[in-house]
Amino acid sequence: MKNIPAQPVKMIKWFHDFSWSGKLSAAVILAILLLAVFAPGLSIHPHNTSTGAPLQPPGGKHLLGTDELGVDLWAQICYGARVSLLVGLGTAFLAALGGGLVGIIAGYLGGWPDKFIMRLIDIMIVLPDFPLLIVLAAFLGPSLLNIIVVLALFSWVFPARITRSQVLALKEQSYIKSAETYGAGAWYLMWKHFLPEVFPLVAVNMIRLTGRAIVSEAGLSFLGLGDPTSKSWGLIIHHATSFKGIYFTDFWKWWLLYPWLALTMMVTALAFMSRELERIADPRLGGRRFSVH
Amino acid sequence: MGRLKKNGFRLAEYGFTILIVITLNFFLPRMMPGDPFLVLSSDSPEQEEIVLNEEQREFYLHHYGLDKPAGVQYFTYLGELCRGDLGYSVYYREPVSVIILRRLPWTILMVMAALVLSTCIGVILGSLSAWYRERWPDKVLFFSLILLSEIPAFLLGLVLLFVFAAGLGLFPLSGALTHFADYGNRWEKLLDILHHACLPVMALTVARLGGMYLLSRNSMTTVLEKDYLRTAWAKGLTPGRVIFRHALRNALLPITTRVFLSLGSLVGGAILVENVFAYPGLGYLMREAVRVHDYPVVQGIFLVVTIFVLLANFFADLAYRILDPRIGDYGGTRGG
């Protein structure tokens, strides 16, 4: 893992080790990524204005039908993928950055900073994040940025824990010791030795964090408390389920089903992917690094 | 460090966290932009907006104690909380604590039922899986439970609602009790409550099952390889005795803490599931309160839920320390 060009080769090797469920998950994630990136090209109809009769079943002009305002559902799902991915990746990135830094500090310094950080992590893991998310959405306004920041505040503990244990193990390695005796400073060690070693594990954890964040955002939107200006999958489900008497009509067969499918597929694919990568990246842990969260 | 001292430490830690949560709760509304008394807003466009003059504003600020320094306000707030006073709901026109106490039993019922069910079923299936490790029952169980547990509880709840309640009509669509029902006796009421709670509890249970299953599977697998189990087999004990008396008892130990460690996410799931089924617990109330901008209720629920979760964890911590005296300073099994 020392030299960078080996990384892509390694990734191809990883992919060969994937089970069929891992490969399927990779395909689903890739498909949704493409959906999000090429959303304007993939959807003929706009995602925010009415283009047909309301509550049209799938087929004909509208691939997946329309909602109660006659807005094309396929376009909404394409653009919804953008919101979900933005929240997921944004949160994971912020959390990995912050958590990684905190973890390195805790592991490298040891002593009371380490003790303090570990206690903080213990408490953060126990605190329920969803009620706070609702409170903050109520008070500060449910913008996407607020949601990402709050989710990151609750997610950094996982990368921090991984990084800390890695750094603790690395610190005892003879090559780190010898680098230290040659006068390597904390920054040098961090950039040259700790980060390259720790990065793969944190990157794998980022996938899990992405999934968690997407679920939380979808939950908040499902309650109708998400960002009303960006129509995520959760918000489509919210509109569908708040439609009076949707149980007794056929509308749910497209209006509710397709965003539900998109969300479920995305979340399970991310989970299976991270499980797969965890297994390959750290065979010692096997299935044991499973958080109950 | 003596055990007593360590437990005191723990208590101080949780107490400190609760204080932080309370402080956050105190400052949040004060961080909001605007001044509540610049304009007394009107509910409908026909109604005229009342702009207060300086004198009236000062009167209201004084009436609500908002002209005092923040420190004094903070301690007044703490004092009120200690007396169980969570403020007054503007929308429901009732003290917040009264509203919360009325809704709390439903949420506790749901969360506790899901907690117990998922733990019991998870442990049983996990032990089965460990027993048949790498053979087909293990593989089938592993794959299906992992898949199910990755689907969030509210999405599962939607499926249950549409299939079993709307489609097949086996369960009621919403609520916790039949409206205006006339129960002949207590049993009928209990049955009605169970009937209504069935689907929400099922959604929460299934979503949490995978975690408990994996945990007990790993724990059981580790225990099954131990020497004292070989001894137990060698003594010629029956499989039932070996599994229940020797293996399960030891395997259960690490599971006890995890039961409550995941309580936070279970509560988050419960808030969402209550909204799927319009179940009249705290989660449903919280969403309602946010939508009508009844901030004291939102804050009250947040506080009650957080303190409940923290307390449950504290007691689980304590119980674990008593159950397993080997546990060290860092709480051994907590990491990973």
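The values are calculated or read from the model by the stated rules, or taken from the named source; none is laboratory data. Please read all numbers here as calculations on a predicted model, not as lab measurements. No Cβ is skipped: glycine too gets one built from the backbone with ideal geometry, and neighbour counts run over all protein chains shown.
Looking at A:Gly183 and the list (1) farther than 22 Å from B:Thr17 by Cβ; (2) in contact with a helix residue (DSSP H, G or I) (Cβ under 9 Å, 6 or more places away or on another chain), which single condition is not satisfied? The single condition A:Gly183 does not satisfy is (2).
The criterion of at least 1 residues that are in contact with a helix residue (DSSP H, G or I) (Cβ under 8 Å, 6 or more places away or on another chain), more than 28 Å from B:Leu148 (Cβ to Cβ) and of a type in the set (Val, Ile, Thr) is met by the following helices (runs of 4 or more DSSP H) wholly inside the stretch B:213-332: B:282-291, B:295-323.
For the stretch B:278-298, taking the residues that are over 26 Å from B:Ala165 (Cβ atoms) and buried (at least 24 other Cβ atoms within 10 Å of the Cβ), the one that is nearest to the other protein chains (Cβ to nearest Cβ) is identified as B:Val298. With respect to A:Ala271, determine if the residue is within 25 Å of A:Ala26 (Cα to Cα), of a type in the set (A, V, I, L, M, F, W, C), within 11 Å of chain B (Cβ to nearest Cβ) and surrounded by fewer than 24 Cβ atoms within 10 Å (Cβ to Cβ). Yes. Would you point out the residue of the stretch B:210-226, among those that are among the polar types (S, T, N, Q) and out of contact with any Ser or Thr (no Cβ under 8 Å at 6 or more places or on another chain), that is nearest to the other protein chains (Cβ to nearest Cβ)? Across the stretch B:210-226, the extreme among qualifying residues is B:Asn218.
Inspect all residues belonging to the stretch B:321-336 and state whether any of them is buried (at least 22 other Cβ atoms within 10 Å of the Cβ), within 26 Å of B:Cys120 (Cβ to Cβ) and modelled with pLDDT under 85. There is no residue in the stretch B:321-336 that is buried (at least 22 other Cβ atoms within 10 Å of the Cβ), within 26 Å of B:Cys120 (Cβ to Cβ) and modelled with pLDDT under 85.
Any chance the stretch B:150-161 includes a residue that's more than 25 Å from A:Gly211 (Cα to Cα) and not basic (Lys, Arg)? Looking for residues that are more than 25 Å from A:Gly211 (Cα to Cα) and not basic (Lys, Arg), one finds none in the stretch B:150-161, hence no. Which residue is farthest from the chain's Cα centre (by Cα), if the candidates are limited to the stretch A:202-225 and must be under 30 Å from A:Leu170 (Cα atoms) and within 10 Å of another protein chain (Cβ to nearest Cβ)? It comes out as A:Arg212.
Say whether the condition of being within 16 Å of the chain's Cα centre (by Cα) and within 12 Å of chain B (Cβ to nearest Cβ) is met by at least one residue in the stretch A:96-113. Looking through the stretch A:96-113, none of the residues is within 16 Å of the chain's Cα centre (by Cα) and within 12 Å of chain B (Cβ to nearest Cβ). Just wondering, is there one or more residues in the stretch B:153-168 that are more than 20 Å from A:Leu257 (Cβ to Cβ) and either surrounded by 13 or more Cβ atoms within 10 Å (Cβ to Cβ) or touching a residue at least 24 places away in the same chain (Cβ under 8 Å) (or both)? The answer is no, given that none of the residues of the stretch B:153-168 is more than 20 Å from A:Leu257 (Cβ to Cβ) and either surrounded by 13 or more Cβ atoms within 10 Å (Cβ to Cβ) or touching a residue at least 24 places away in the same chain (Cβ under 8 Å) (or both). The one condition from (1) under 14 Å from the mean Cα position of the chain (by Cα); (2) farther than 23 Å from B:Val21 by Cα; (3) within 8 Å of chain A (Cβ to nearest Cβ) that B:Val273 does not meet is (3). In the stretch A:227-238, the residue that is surrounded by the most Cβ atoms within 10 Å (Cβ to Cβ) out of those that are more than 17 Å from the chain's Cα centre (by Cα) and more than 9 Å from chain B (Cβ to nearest Cβ) is A:Ile236. You will find that of A:Ile147, A:Ile176, A:Ile123, the residue that is in a helix (DSSP H, G or I), of a type in the set (Val, Ile, Thr) and in contact (Cβ under 8 Å) with a residue 40 or more places away in the chain is A:Ile147 and no other. Out of curiosity, is A:His193 more than 14 Å from chain B (Cβ to nearest Cβ), in contact with a helix residue (DSSP H, G or I) (Cβ under 7 Å, 6 or more places away or on another chain) and either assigned to a helix (DSSP H, G or I) or of a type in the set (Asp, Glu) (or both)? Here the answer is yes, as A:His193 does meet what is asked.
The single condition among (1) under 27 Å from the mean Cα position of the chain (by Cα); (2) more than 24 Å from A:Leu109 (Cβ to Cβ) that A:Phe199 does not satisfy is (2). Considering only residues in the stretch A:180-193 that are free of Cβ contacts under 8 Å to residues at least 60 places away in the same chain and under 13 Å from A:Tyr108 (Cβ atoms), the one that is surrounded by the most Cβ atoms within 10 Å (Cβ to Cβ) turns out to be A:His193. When B:Gly84 is tested against the conditions (1) farther than 24 Å from B:Ile271 by Cβ; (2) surrounded by fewer than 14 Cβ atoms within 10 Å (Cβ to Cβ), the lone failure is (1).
Residues in the stretch A:42-83 that are of a type in the set (Val, Ile, Thr) and within 24 Å of the chain's Cα centre (by Cα): A:Ile77, A:Val83. Among residues of the stretch A:62-99 being under 17 Å from A:Leu220 (Cβ atoms) and hydroxyl-bearing (Ser, Thr, Tyr), the one that is modelled with the highest pLDDT is A:Thr91. Among the residues of the stretch B:246-270, the one identified as away from chain A (no Cβ under 11 Å) and without any contact (Cβ under 8 Å) to a residue 12 or more places away in the chain is B:Arg249. When residues in the stretch A:89-104 are screened for being surrounded by fewer than 24 Cβ atoms within 10 Å (Cβ to Cβ) and under 13 Å from A:Ile117 (Cβ atoms), 4 of them pass.
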